[in-house]
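K.L.:
This is the structure I have questions about; it appears just below.
The values are calculated or read from the model by the stated rules, or taken from the named source; none is laboratory data. Remember, predicted model here, so these are calculated numbers, not experimental data. No Cβ is skipped: glycine too gets one built from the backbone with ideal geometry, and neighbour counts run over all protein chains shown. The accessibility values were calculated without ligands, DNA or RNA, using every heavy atom of the protein model including side chains. Shrake-Rupley method; radii C 1.70, N 1.55, O 1.52, S 1.80 Å.
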Amino acid sequence: MLHVLSASVLALTLQMGPGAPASPLPDAGTPADAGTPTVDASRLEEARAMVPAPLLYGKFRPEVGTFVEYDVTQKEGRVRVRASVVGRTEREAGPMFQVEFDYLDARPHSLVVLWLIGETHPMVDRLALAVEPNAPISIPVDLPADAPELRGKPGPDTEAQVKSGPFAGKAVRRTYRLEKGNSTEVMLSEKVPLFGVESVRGADGSTWVARKTGSGARPELRSVPIAIPRLPEQ
């Protein structure tokens with residue numbers, strides 16, 4: 001199952017391995033510019049792997065019930081991933097959204113669920129992994145989804161065109177350079193709901209390409225996850 005899932009699922013699974021501490025993944029730190037928290041430099045790789053690419057490189061525009069389906073390609077193969085916002089709960093700290101990434105072609109069926117707090121600068125509060133027939137498990141994360149450190153250093157925007165498909169038209173191409181000198185290329189389009197991300201070509205060779213969108217999405221998480229409690233780091 002793991003060979004067809006994104007890095008975020010793999011990272012979560014490794015965190016849940018025998019003896020893994022159930023601590024918050026990154027240090028959220030203190031607010032930086034425009035209220036965006038920072039991520040500790042020693043945990044960038046770990047933190048970056050926890051956020052699915054459309055959420056990491058896009059601008060979160062939640063619409064409950066809306067989905068965007070992506071073709072995700074890695075060296076191991078291709079899988080369809082349906083990203084959807086399936087719930088909103090009003091809280092004192094701001095609205096909490098339930099966002100699901102459903103790996104439609106994975107066998108056994110696999111689902112990644114994130115609970116995001118806020119809209120302008122969303123924080124990933126918890127993340128859950130559900131792999132049939134096992135009970136879903138969730139862990140605390142406390143991760144700013146849009147931290148500049150996670151994305152890398154942005155290059156200048158350039159005008160681009162999506163040539164075909166439901167999101168054809170004007171777009172913006174942006175490149176982010178990471179610490180080791182490799183880069184990620186992102187195609188942004190206002191036509192793509194939820195994140196505004198038409199495609200991501202990752203530094204690791206993986207790609208996400210938006211293929212369609214729709215409405216009527218409902219939660220695929222069928223049971224309450226087993227919550228691993230927050231413990232001090234060891």
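K.L.:
Could you name the lysines in cross-link range of LYS163, using Cα to Cα under 16 Å and dropping any fewer than eight places away on the same chain?
P.N.:
Here the lysines satisfying the reach criterion relative to LYS163 are LYS191, LYS212.
K.L.:
Based only on Cα atoms, what Rg/Rh ratio does the range 150-234 have, Rh being taken as Kirkwood's radius?
P.N.:
1.12
K.L.:
Would you work out what percent of the accessible area of the range 151-195, with all protein chains in place, is carbon or sulfur (probe 1.4 Å)?
P.N.:
Whole-percent figure for carbon plus sulfur exposure: 51.
K.L.:
Treating cross-link reach as a plain straight distance, find the aspartates and glutamates whose alpha-carbon is under 15 Å from the alpha-carbon of LYS75, omitting any fewer than eight places away in the same chain.
P.N.:
ASP204
K.L.:
Kindly provide the trypsin sites (Lys or Arg not before Pro) of the range 50-157 that DSSP labels as loop, not H, G, I, E or B, and whose Cβ sees at most 16 other Cβ atoms within 10 Å.
P.N.:
Answer in residue order: LYS59, LYS75, ARG91.
K.L.:
What's the center-to-center distance, using Cα atoms, between the range 44-85 and the range 103-152 in Å?
P.N.:
Cα centres, the range 44-85 to the range 103-152: 10 Å.
K.L.:
In whole Hz and in residue order, list the ³J(HN,Hα) couplings for the range 192-197 that follow from phi through the Karplus curve 6.51 cos²θ - 1.76 cosθ + 1.60, θ = phi - 60°; x for Gly and Pro.
P.N.:
8, x, 6, 10, x, 10
K.L.:
Let me ask something else about it. Let's test the formula: R0 of 41 Å, r as the Cβ-Cβ distance of THR89 and VAL172. What FRET efficiency results, to the nearest 0.05?
P.N.:
0.80
K.L.:
Just flag the GluC sites (Glu not before Pro) in the range 149-196 sitting in loop per DSSP whose Cβ has no more than 12 other Cβ atoms within 10 Å.
P.N.:
Loop-located and lightly packed - GLU179.
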